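K.L.:
A single structure is presented below for examination.
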Amino acid sequence: MNTAVPASVYAQRRARVAAELAKEAASVAIVPTAPERARNRDSDFLYRHDSYFYYLTGFTEPNAWLVITSDGQSTLFCQPKDLEREIWDGFRLGPDAAPAALGVDAAHSVATLDTQLPKLLENRHTVCYPFAIHKGLESQVDGWLQAVRARVRFGAQCPERQRDLCGVLDEMRLIKDATEQATMRRAAQISAEAHIRAMQLSARMLRAGQDVREYHLDAELLHEFRRQGSQYPAYSSIVAAGGNACVLHYRADTAPVRSGELVLIDAGCELDGYASDITRTFPANGQFTGPQRALYDLVLASQDAAVAATKAGARFVDPHDATVKVLAQGLLDLGLVDKNKHGNAQDVIEQRAYFQFYMHRTGHWLGMDVHDCGSYVEPGEQGTSERKDPLSGETIVNRPSRILRPGMVLTIEPGLYVRPAEGVPEQFHHIGIRIEDDAIVTETGCELISRGVPVKADEIEALMRA
């Protein structure tokens with residue numbers, strides 16, 4: 001249970017859900033937490049709650065459910081107190097203590113779920129739950145509805161409609177309140193300090209003539225995450241040395257970290273249910289080579305353009321477009337894209353000639369999930385256009401991109417990945433660079449909350465000399 005956030009914050013969120021449910025006829029919402037999952041014969045994976053459930057309760061125990069009705073009542077189903085099991089598995093809050101601790105109106109043992117849920121569904125018009133997230137949930141809802149139908153001869157009415165609750169919760173979660181923003185700032189600060197430690201360890205070990213491996217740097221990240229109170233990494237850390245940086249989802253392994261090569265680290269901690277997501281690329285020994293510096297400065301310039309485009313009133317796609325414009329010109333200038341085939345930056349963009357070196361978007365929503373929920377299309381806006389992809393030939397439907405508003409949090413992460421290929425200058429081979437920061441949209445622009453770790457090449461070199 002998250003004791004750092006007042007129970008009233010979660011109560012307000014539940015009230016907003018109830019108000020949304022009340023826009024229709026009598027409705028009820030069902031939100032389960034995540035199940036525990038076996039890792040091997042006698043051990044589970046480290047447990048992590050469901051984000052939707054946690055957003056509405058602050059409750060971190062497994063085997064729990066939340067029910068909200070359109071008249072504003074919230075009911076929690078949780079594990080009962082069991083002193084014997086608590087000796088083995090740890091403290092349980094229990095149904096008796098849950099209302100006072102969590103601010104819910106009622107709580108029951110999860111063992112009574114199948115008998116209590118039909119009663120809560122009876123005489124409701126609509127039942128809402130997250131679609132396509134919890135395997136088997138649809139079948140459970142079907143079973144509860146069958147139990148309600150069995151009572152129609154006694155005057156019970158069964159819900160006639162089922163609705164996906166994700167849409168309601170996604171819109172709520174997309175705008176982070178002051179409490180959420182404070183947590184995310186702290187998570188980003190911890191992660192930034194972990195990146196600094198990894199950079200400095202790399203240079204220090206190489207100066208000492210020691211054998212450096214990717215897992216050494218990964219261990220440094222994990223140590224700093226936990227030392228400062230983070231519960232877990234927000235995702236599997238990417239620690240990619242040399243050419244491994246050209247593999248977008250590479251994971252830290254046993255590869256050597258060599259002097260003269262770059263290291264790309266994409267890593268962030270999760271703190272109190274909220275993720276951070278930072279990428280830095282640095283010279284293993286603390287000194288960029290000429291080709292490395294040229295590509296690095298280009299990626300940084302493209303990020304600067306994206307940051308300038310990230311502000312309230314802009315569209316989500318604007319930072320990406322700004323990034324691509326800078327990269328397209330830079331690829332021409334450095335000879336990575338042939339000017340004889342693609343005359344100018346606009347030609348490079350229209351023909352997607354940059355895609356060989358930059359194949360992902362410039363950002364994503366960030367919050368309780370690393371790739372957080374929320375539509376990238378502006379709700380309520382009409383109008384579409386179609387275009388043919390020059391590389392695949394597929395027809396792509398363009399829809400109105402989301403308008404950025406204060407309190408939205410997104411990543412800004414341009415990159416370049418140069419693999420050996422015909423026509424690609426050899427001095428750039430096996431160089432992979434990504435620079436990623438976390439940004440809170442404000443009224444006047446954006447707040448980069450992850451700049452506790454340097455981003456300019458000169459500053460990185462100075463840091464690694466320290």
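Just so you know, all these numbers are worked out from the coordinates, no wet-lab data involved. Everything numeric here is computed off the predicted structure, so don't read it as measured data. All Cβ positions, even for glycine, are placed from backbone atoms using ideal geometry, and neighbour counts span all protein chains on display.
K.L.:
Non-local amide H neighbours of T60 (under 5 Å, H modeled in plane, Pro and chain starts lacking H): which ones?
P.N.:
Under 5 Å from the amide H of T60 lie the amide H atoms of N2, each far enough along the sequence or on another chain.
K.L.:
Could I ask something else about it? Take every Cα pair under 8 Å in the range 175-465 that's 6+ residues apart, average their separations, divide by the length, and report that relative contact order as a whole percent. Each step should come with its number before you reach the end.
P.N.:
Numbers: 637 pairs, mean separation 67.9, N = 291.
Computed over the range 175-465, the figure is 23 percent.
K.L.:
Sort R251, R14 so the one with the fewest other Cβ atoms within 10 Å of its own Cβ comes first.
P.N.:
Numbers: R251 15, R14 23.
Lowest count first: R251, R14.
K.L.:
About its Cα centre, what dipole magnitude does the chain give when the only charges are +1 on Lys and Arg Cβ and -1 on Asp and Glu Cβ, stated in debye to the nearest 20?
P.N.:
Value, rounded to 20: 220 debye.
K.L.:
Would you list which lysines come within 24 Å of K311, measuring only between C-alpha atoms, while excluding same-chain residues fewer than 8 positions from it?
P.N.:
K311 reaches K176, K325, K456.
K.L.:
Contact order normalised by length for the range 321-466, with contacts defined as Cα pairs under 8 Å and 6 or more residues apart; what percent is it?
P.N.:
Values: 190 pairs, mean separation 26.7, N = 146.
Taking the mean separation of contacting Cα pairs over the length of the range 321-466, I get 18 percent.
K.L.:
Sticking with this structure for a sec: How about the range 91-176: which trypsin sites (Lys or Arg not before Pro) there are in a DSSP loop, with at most 10 other Cβ atoms within 10 Å of their Cβ?
P.N.:
K135
K.L.:
Between A97, S139, T57, whose Cα lies farthest towards the positive end of the dipole of the range 7-172 when Lys and Arg beta carbons carry +1 and Asp and Glu beta carbons carry -1, centred on the Cα centre?
P.N.:
Working it through, the farthest residue towards the positive pole turns out to be S139.
K.L.:
Karplus couplings for the range 236-251 from phi (6.51 cos²θ - 1.76 cosθ + 1.60, θ = phi - 60°), rounded to Hz, Gly and Pro as x?
P.N.:
Per-residue couplings from phi come out as 5, 5, 9, 10, 10, 9, x, x, 4, 5, 7, 9, 4, 10, 4, 10 Hz.
K.L.:
A further question follows. Would you grab the residues whose amide H sits under 5 Å from the one on R213? Only those 5+ places off in sequence or on another chain, please, with H modelled 1.01 Å from N.
P.N.:
Correct list: V257.
K.L.:
Please compute the length gained on full extension between K23 and A208, using 0.36 nm multiplied by the number of residues separating them and subtracting their Cα-Cα distance.
P.N.:
Working: separation 185, 0.36 × 185 = 66.60 nm, distance 6.69 nm.
Separation in residues times 0.36 nm, less the Cα-Cα distance, equals 59.9 nm.
K.L.:
Sticking with this structure for a sec: Need the list of aspartates and glutamates near K23 for cross-linking: C-alpha distance under 14 angstrom, and skip anything on the same chain fewer than eight residues off.
P.N.:
The reachable aspartates and glutamates, counting only those whose Cα sits under 14 Å from K23, are D71.
K.L.:
Name the aspartates and glutamates eligible as straight-distance cross-link partners of K339: C-alpha to C-alpha under 18 Å, and not fewer than 8 places from it in the same chain.
P.N.:
D347, E350, E422, E426
K.L.:
Additional query: Based on the alpha-carbon gyration tensor of the range 175-465 and its eigenvalue square roots a ≥ b ≥ c, which shape applies: rounded if a/c is under 1.5, prolate if not and a/b is larger than b/c, or oblate? Kindly include the intermediate steps, with their values, before the conclusion.
P.N.:
Working: a/c = 2.01, a/b = 1.11, b/c = 1.81.
Because a/c hits 1.5 or more and a/b fails to exceed b/c, the range 175-465 counts as oblate.
K.L.:
Just to check I understand the Karplus step: with θ = phi - 60° and J = 6.51 cos²θ - 1.76 cosθ + 1.60, what whole-Hz values come out for the range 38-55, glycine and proline as x?
P.N.:
These are the phi-based 3J(HN,Hα) values: 6, 8, 8, 4, 9, 8, 9, 4, 3, 6, 9, 4, 6, 5, 4, 4, 5, 4 Hz.
K.L.:
Apply the Karplus parameterisation 6.51 cos²θ - 1.76 cosθ + 1.60, with θ equal to phi minus 60°, to every residue of the range 180-194 and state each ³J(HN,Hα) to the nearest whole Hz, in sequence, with x for glycine and proline.
P.N.:
Per residue, the Karplus-derived 3J(HN,Hα) values read 5, 4, 5, 5, 5, 4, 5, 4, 5, 5, 4, 5, 4, 5, 5 Hz.
K.L.:
Taking amide hydrogens as modeled 1.01 Å from N in the peptide plane, which residues meet the under 5 Å criterion relative to Q157, leaving out close sequence neighbours?
P.N.:
Residues meeting the criterion, in which the H sits 1.01 Å from N, are N123.
K.L.:
Continuing with this model, one more query. Quick one: helix 7-21 against the long Cα principal axis of the chain, what's the angle to the nearest 10°, folded into 0 to 90?
P.N.:
80
K.L.:
How do S401, S191 line up, fewest other C-beta atoms within 10 Å first?
P.N.:
Details: S401 17, S191 31.
By the 10 Å Cβ count, ascending: S401, S191.
K.L.:
What FRET efficiency comes out for R251 versus A106 if R0 is 41 angstrom and r is the Cβ-Cβ distance? Round to the nearest 0.05. Before the final figure, lay out the partial values.
P.N.:
Details: r = 44 Å, r/R0 = 1.08.
For R251 and A106, the calculated efficiency is 0.40.
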